[in-house]
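Trainee: Quick one: structure below, then a few questions.
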Amino acid sequence: MQPGSNTITTVVKKGAVFGVVAVFLAMVGIVEALHQRLVITGVISLGQAILLFTGLGAGFVMVRRTAGSRAVMILQGTVVGAITGAMLGGLVLLGQAVNLRNVFPNASPALYGILTVEQGPSTGAILLIIAGALSGLAGAGIALLPQSVRRPVFAGTAAALVLSLFQELLQLMLQGEGLPTRVRDFLYVEGPSQVGALTVFALVALANILNSRRRARVVQVPGARRTGRAITLVVLFILLLLLSPIVGGSFVAQVLVVVGLYTLMGLGLNLEVGLAGLLDLGFVAFFAIGAYTVGLLISEGPLGIAHWSFWAAVPVAVVFTLIAGVIFGLPILGIRGDYLAIATLGFGEITRLLVASDFLRSWLGGSQGMLEIPKPVIAGFELSGPEHLFYLTLASSALVVYVAWRLQHSRLGRAWMAIREDEDVAQALGVNLVAVKLLAYGLGAAFAGVAGAIFAVMVGSVFPHSFQLLISINVLALIIVGGIGSNPGVVVGALALVGLPELLREVGEFRFLVYGAVLVAMMLLRPEGLWPAAAIRRELHEEEPEAVTREAIELAEAKEPNP
Amino acid sequence: MRRGWLPRLSFVDLFLWAFRIAVVVLVVWGTIGTLTKGAYTREQWLDFVIFGLAQGGIYALIALGYTMVYGILRMINFAHGEVFMSGSFTAYHFALAMGASGFLNRQPLLALLVILIVSAVTSTAVALLVERVAYRPLRRAPRLVPLITAIGASFFLQYAFKGLYGSGIKAYPEFQVFRGEWVFAGIGILRTQVIVLVTAAVMMFGLYQMVMRTKTGKAMRAVSEDKDAAALMGINVDRIIVVTFAIGGAMAGVAGVLYGLVFKQVHFFMGFVPGIKAFTAAVLGGIGNIPGAMVGGIFLGVVESIGPALFLDGLGIVAPYQLRDVIAFTMLVMVLVFRPSGILGERLAAKKA
């Protein structure tokens, strides 16, 4: 094969792959859903922007994968982008000739309108090719730019996107007399204004440049100053959290409660998966058991058996889920790896099916669920709204984070990590496998039990429908995205995977599509997660000795201050 | 001897024995209860068994994909249930179009063949895509990693097809010719069930012949024995892995159409439960073992079909059919806990030794 023809095949292949991605995005409905949201008013919507980013990505990847003179590479990037655009154009033309809507409900005239910028099919198709070529060109250009220029561009673009994505929230926060209102009117018309978006882009890019200059100057920040800064950041974060329901209103509080519940579950699953290496896909069962226990104990409906107060019921629920975790753990002690995942998945499904069945209806309410669960009362004050429940969730999250943190660095935590690395060796070194594994299941379950208890009072009722397998997958996804085995990672993961989709309502529908893609992409690109645990990061980057030594130095430094 | 083994029986073993005994007692108690009550006629039992066989045939076809991939890569292709769904869901649109034009009932066998091929091709394509994107780059990664990408791929596919084809439950068009029963030796069997059983049997026979007789089949067996040795013998391991995924996908695609014929509906979430059950079937038969998957599938299908009536009804449980899946999942957990090598696993191990 000649080298020339080889490059042409690569270009066509890459173009086709990105074209298929673009067509897929359009047909799956994301483009139309995101079209509601403007990136820059009167210029571009988010739906169009993600297609443009696909073209950019095509040019970028093409340049990264080949070598040659700059002109040739830029040309290749342009062609790849043009092919991507041409495939979208082909979709528009095909859609005019055949009614695709019978099969693909999203192939609507509205979609074609978005793709062609309302210019009709033939002009639109040509426009799409041109837009594709331009975005490919831009992508190739960005790939060829030096790092020092690329970073600020990325940062600025990201900031402009944040301005668009969180517009409702930001506008809400900028409401008020005086300066905030003026800032708001400057930034937003219908969506972000043209001047506003540009200004934000420029400011953030500038800040990024200045920051990297400063970083280049100060090579090593001394350990003590860095810890000081970390403490300041943590304090700021906590303050922000404490004030967020007051600033953001009850909607934000509601979102944060859900994030908190997932954080609780994530911390529990993290004990099992992250520390002990026991992949559990039936985790939702413990959440359900916690919720149903509290429901049974405090419900004022016909199914309530005790009419206790919430505060008395929670410890019982926690103990009960702990026991349930141990009982679930007992039969599967001897199973490892993939089989363990499937067995626990089976347990989760059995729990859900039993709870929903008519068989247990007279105790648990079957598919009608358990109703009339009162809100918790503290010293005569009812925690009714999401703002109040937020503080409850925050307090229990803080407590559980502390417990998880202490556990991780305890003898038990080290035993968990030992069985994660190698069960046989751990056993040979005197780790009691049975006790340690059962404790992992039990304590992990107890954390989920706390989440279930709060969930029950938050919703005010418990339905079997709330305990789908999806919850388990969701929790797994968030600890993986955050960084498996890392407690701060759980919080980051919960904010990213639960908080963001709640805030971006249009994305909500595609949440699980994105989760699936994120799980695969994370494993391929950054298996250690966003906020990785030190040990995992070292293990996954064995081939980079430099990173390991730096890590070791950091660890050594971190250990010095506290004796 | 008594003093020898008693102290070694730990608390965990005791718990497991209690679990085993409890399940056996429940099953026996329920069976006796049902049989003494005599709530079901002989014809009803026969219907249960035949339905179980048809359902089991479908499970067996899906299970083949799990078992072959496991045999070669030692990993669970968690997305296999979605491979099954993708074929069925795509072929549905062809079936609908052919139903609208009348072709479906003019040339039922030809139409069925077209649907089967479309479904098999789609499923194969999806299986290959998943292999290429989610598994191949991670072949040397820790075992947890491909399992997580598999879960991710599974969810991605479900919601991708939900987005593409819509989220509603769609009714599969019916073949008028296959309505009603055929009578064999005095036993009436629904025609769709006959079609399902025959197709499943043909596919499994073909696959078995392929694996045992052809050169590719031999290469597949060699790779599943020892990947490195097979590579040294001049087998292109990557190609064999692709072939394995393709065959597994095609089987799942065929199973998808058969599922449509029996249950008469498709939706984007339809792959999950059959996928898990087929996995159970694969483990029951001894994972990595092709005849085992067939036996396991049929066994699971029949138990699941007669189980609610036979075990649960006798225990006085209301609406036992709601707990059909509980039987399947309980079997799954029990097999994984008590006999992870499967029913035929031992024989296979003995043969290899």
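Trainee: Working only within the range A:270-325, note down all residues that are within 14 Å of chain B (Cβ to nearest Cβ) and open to solvent by 10 Å² or more (accessible area, probe 1.4 Å).
Mentor: Selection gives A:277, A:323.
Trainee: Restricting to the range A:482-533, name every residue that is without any contact (Cβ under 8 Å) to a residue 12 or more places away in the chain, touching a Pro at 6+ places or on another chain (Cβ under 6 Å) and crowded, with 19+ Cβ neighbours inside 10 Å.
Mentor: Across the range A:482-533, the qualifying residue is only A:511.
Trainee: Could you check, for the range B:293-308, whether at least one of its residues is within 12 Å of chain A (Cβ to nearest Cβ) and open to solvent by 10 Å² or more (accessible area, probe 1.4 Å)?
Mentor: Checked the range B:293-308: no residue is within 12 Å of chain A (Cβ to nearest Cβ) and open to solvent by 10 Å² or more (accessible area, probe 1.4 Å).
Trainee: Still on this structure, I have one more. Among the residues of the range B:168-198, write down those that are within 14 Å of chain A (Cβ to nearest Cβ) and surrounded by 14 or more Cβ atoms within 10 Å (Cβ to Cβ).
Mentor: Across the range B:168-198, the qualifying residues are B:170, B:173.
Trainee: Now, a different point. Can you pull out the residues in the range A:470-480 that are within 11 Å of chain B (Cβ to nearest Cβ) and open to solvent by less than 10 Å² (accessible area, probe 1.4 Å)? Working first, answer last.
Mentor: Our first condition is that a residue be within 11 Å of chain B (Cβ to nearest Cβ); within the range A:470-480, this holds for A:470, A:472-474, A:476-477, A:479-480.
Once the filter is applied, which keeps residues that are within 11 Å of chain B (Cβ to nearest Cβ) and open to solvent by less than 10 Å² (accessible area, probe 1.4 Å), the range A:470-480 yields A:472, A:473, A:474, A:476, A:477, A:479, A:480.
Trainee: Keeping to the range B:59-80, report how many residues are of a type in the set (Gly, Ala, Ser) and within 12 Å of chain A (Cβ to nearest Cβ). Explain how you work it out, then say what you get.
Mentor: From the range B:59-80, those of a type in the set (Gly, Ala, Ser) are B:60, B:63, B:65, B:71, B:79; that's our starting set.
Those still in the list that are within 12 Å of chain A (Cβ to nearest Cβ) too: B:79.
So the count comes out to 1.
Trainee: Then there's this: Please work out which residue is surrounded by the fewest Cβ atoms within 10 Å (Cβ to Cβ), limiting yourself to the range A:344-365 and to residues that are over 21 Å from residue A:279 (Cα atoms) and at the interface with another protein chain (Cβ under 7 Å from one of its Cβ atoms). Write out each step before concluding.
Mentor: Quick first cut of the range A:344-365, residues over 21 Å from residue A:279 (Cα atoms) only: A:353-365.
In the following step, the residues that additionally are at the interface with another protein chain (Cβ under 7 Å from one of its Cβ atoms) were identified as A:353-354, A:357-359.
Values: A:353: 19, A:354: 17, A:357: 21, A:358: 15, A:359: 22.
Ranking the qualifying residues of the range A:344-365, first place goes to A:358.
Trainee: Quick test for you: out of B:259, B:321, pick the one residue that is open to solvent by 20 Å² or more (accessible area, probe 1.4 Å), among the hydroxyl-bearing types (Ser, Thr, Tyr) and touching a residue at least 60 places away in the same chain (Cβ under 8 Å).
Mentor: Numbers: B:321 fails: touching a residue at least 60 places away in the same chain (Cβ under 8 Å).
Criteria check complete, one pass: B:259.
Trainee: Restricting attention to the range B:125-146, which residues are part of a helix (DSSP H, G or I) and either modelled with pLDDT under 80 or touching a Cys at 6+ places or on another chain (Cβ under 8 Å) (or both)?
Mentor: The answer is B:144, and nothing else.
Trainee: Same structure again: Cβ-Cβ below 8 Å, separation at least six or inter-chain, first residue in the range A:90-104 and more than 12 Å from every other protein chain (Cβ to nearest Cβ) and touching a residue at least 24 places away in the same chain (Cβ under 8 Å), second open to solvent by 50 Å² or more (accessible area, probe 1.4 Å) and among the small types (Gly, Ala, Ser): which pairs?
Mentor: Going by the 8 Å Cβ cut-off, the qualifying pairs are A:93/A:122.
Trainee: Restricting to the range A:61-75, count the residues that are at pLDDT 80 or above and within 12 Å of residue A:13 (Cβ to Cβ).
Mentor: 2
Trainee: Right, here's the next one. Can residue B:125 be described as more than 9 Å from chain A (Cβ to nearest Cβ) and open to solvent by 40 Å² or more (accessible area, probe 1.4 Å)? Break it down stepwise before answering.
Mentor: Details: more than 9 Å from chain A (Cβ to nearest Cβ): yes; open to solvent by 40 Å² or more (accessible area, probe 1.4 Å): yes.
Answer is yes for this residue.
Trainee: Looking at this structure, is residue A:341 of a type in the set (A, V, I, L, M, F, W, C), within 14 Å of another protein chain (Cβ to nearest Cβ), under 29 Å from the mean Cα position of the chain (by Cα) and surrounded by 21 or more Cβ atoms within 10 Å (Cβ to Cβ)?
Mentor: yes
Trainee: Picking from A:447, A:455, A:467, which residue would you name as being farther than 20 Å from residue A:328 by Cα and crowded, with 19+ Cβ neighbours inside 10 Å?
Mentor: A:455
Trainee: Also, I was wondering about something else. So which residues in the range A:366-397 are crowded, with 19+ Cβ neighbours inside 10 Å and within 14 Å of chain B (Cβ to nearest Cβ), if there are any at all?
Mentor: A:366
Trainee: Now for a separate question. Within the group B:286, B:271, B:206, B:275, which residue is in contact with a Leu (Cβ under 6 Å, 6 or more places away or on another chain) and either open to solvent by 10 Å² or more (accessible area, probe 1.4 Å) or within 14 Å of another protein chain (Cβ to nearest Cβ) (or both)?
Mentor: Exactly one residue qualifies, and that residue is B:286.
Trainee: Check residue B:149 against each of (1) more than 30 Å from residue A:341 (Cα to Cα); (2) within 14 Å of chain A (Cβ to nearest Cβ); (3) open to solvent by less than 30 Å² (accessible area, probe 1.4 Å); (4) not acidic (Asp, Glu) and name the one condition it does not meet.
Mentor: The failed condition is (1).
Trainee: Would you call residue A:460 closer than 28 Å to residue A:353 by Cβ, open to solvent by less than 30 Å² (accessible area, probe 1.4 Å) and free of Cβ contacts under 8 Å to residues at least 24 places away in the same chain? Please lay out each step first, then the result.
Mentor: On the way: closer than 28 Å to residue A:353 by Cβ: yes; open to solvent by less than 30 Å² (accessible area, probe 1.4 Å): yes; free of Cβ contacts under 8 Å to residues at least 24 places away in the same chain: no.
No; evaluated as a whole, the condition is false for this residue.
Let's see how each residue does on (1) under 13 Å from the mean Cα position of the chain (by Cα); (2) modelled with pLDDT under 85:
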site	(1), (2)
B:266	no, no
B:278	yes, no
B:281	yes, no
B:297	yes, no
B:305	no, no
B:313	no, yes
B:319	no, yes
B:344	no, yes
B:347	no, yes
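Trainee: Please go through the range B:51-79 and give me each residue that is over 18 Å from residue B:241 (Cα atoms) and either part of a loop (DSSP other than H, G, I, E, B) or open to solvent by 20 Å² or more (accessible area, probe 1.4 Å) (or both), ordered by number.
Mentor: As a first pass, look at the range B:51-79 and keep what is over 18 Å from residue B:241 (Cα atoms): B:51-61.
Within the range B:51-79, B:51, B:53 meet the criteria.
Trainee: Then there's this: Just to verify a result, which residue in the range B:19-46, among those that are among the aliphatic types (A, V, I, L, M) and loosely packed, with under 11 Cβ neighbours inside 10 Å, is farthest from the other protein chains (Cβ to nearest Cβ)? Please lay out each step first, then the result.
Mentor: First pass over the range B:19-46, keeping only residues among the aliphatic types (A, V, I, L, M): B:21-28, B:32, B:35, B:39, B:46.
Among the residues that remain, those that are also loosely packed, with under 11 Cβ neighbours inside 10 Å are: B:21-22, B:24-25.
Values: B:21: 13, B:22: 11, B:24: 15, B:25: 17 Å.
The extreme case among them is B:25.
Trainee: Quick check, is residue A:47 within 14 Å of chain B (Cβ to nearest Cβ) and of a type outside the set (Val, Ile, Thr)? I'd like the intermediate steps shown before the answer.
Mentor: Details: within 14 Å of chain B (Cβ to nearest Cβ): yes; of a type outside the set (Val, Ile, Thr): yes.
So residue A:47 fits the description; yes.
The values are calculated or read from the model by the stated rules, or taken from the named source; none is laboratory data. Worth saying up front: this structure is predicted, and the values here are computed from it rather than measured. We place every Cβ from the backbone using ideal geometry, glycine too, and count neighbours over all the protein chains shown. Just the protein is used for accessible areas: all its heavy atoms, side chains included, with ligands, DNA and RNA removed. Shrake-Rupley method; radii C 1.70, N 1.55, O 1.52, S 1.80 Å.
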